[in-house]
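Written out below as C-alpha cells is the structure these notes cover.
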Amino acid sequence: MLRNRILSVTAASLLVSLGGAAPAVSEPPAATITVTSPAADSVHPVNSSLFVGWRNDTGQEVDVWLAQDDGSGGTRRLFKLASKASSKPTSELVTAVPPAPDGTGYTVEVTARDTGVRGYSAPFEVGPVPAAGPVVGTSTGSGSGSAGAQGPSPSWFQTQDGHSPR
C-alpha cells in the first residue's frame, strides 16, 4: 500500500510540473542554405571570376564546392572553392573558375561544416562565352581583310598620318 501511495504522489507531481494538457509546441523550421548566384544558364570560362552568393540560417561556417551533375540525378564534387567561409546569414565570395572541362550541368554547392545542411546553385556552364555578334569596330570600307573575316582590317587601326597607334 505504501508503494502505491509513493507512485501516486510521484505521478501527480509529474503531471503538475507538465501542466496538464499543454498546447503542442511547433518545432523551429529546419535550417537551410540557399545559393543565390551564379545565375542559371550563365557561362563562366576557366580562370574567370565566379561570384557566389548564399543565404545561410544555420549559423555555421560553410565550405563551397564546384560540383557537376553525375548523370544519375545526383552531383559529384569536383573542386573545393572555399573553406570555412562566412557563417553570416547573407554572404558572398569571389573565386576563380578552376580548370574544369567545358560543359553544362555545373553547380555550386554550399555546405554547413557541422550539420551537413547544403544548398545548390542553379545549373550553369563552364566554357567560352558565346560570341554576341560582330566584333566592335569592324571595318566595312576598303581594307585588306577577306570577305567574311571577323575583326577589323589592318587599315582601320592606322591614324591619319599613316602610322599605327601602337
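Worth pointing out:
- Any chance THR104 is open to solvent by 70 Å² or more (accessible area, probe 1.4 Å), more than 21 Å from ALA30 (Cβ to Cβ) and not acidic (Asp, Glu): yes
- Close Cβ contacts (under 7 Å, 6 or more residues apart or on different chains) running from residues in region 35-61 that are within 25 Å of VAL117 (Cβ to Cβ) to residues that are modelled with pLDDT under 95 and of a type in the set (Asp, Glu) comprise GLN60/ASP114.
- You will find that of THR58, THR104, the residue that is under 15 Å from PRO123 (Cα atoms) and among the polar types (S, T, N, Q) is THR104 and no other.
The values are calculated or read from the model by the stated rules, or taken from the named source; none is laboratory data. Just so you know, these numbers come straight off a predicted model, no measurement behind them. Backbone-built Cβ (ideal geometry, glycine too); neighbour counts: all protein chains shown. These area figures cover heavy atoms from the full protein model, side chains too; ligands, DNA and RNA do not enter into them. Shrake-Rupley method; radii C 1.70, N 1.55, O 1.52, S 1.80 Å.
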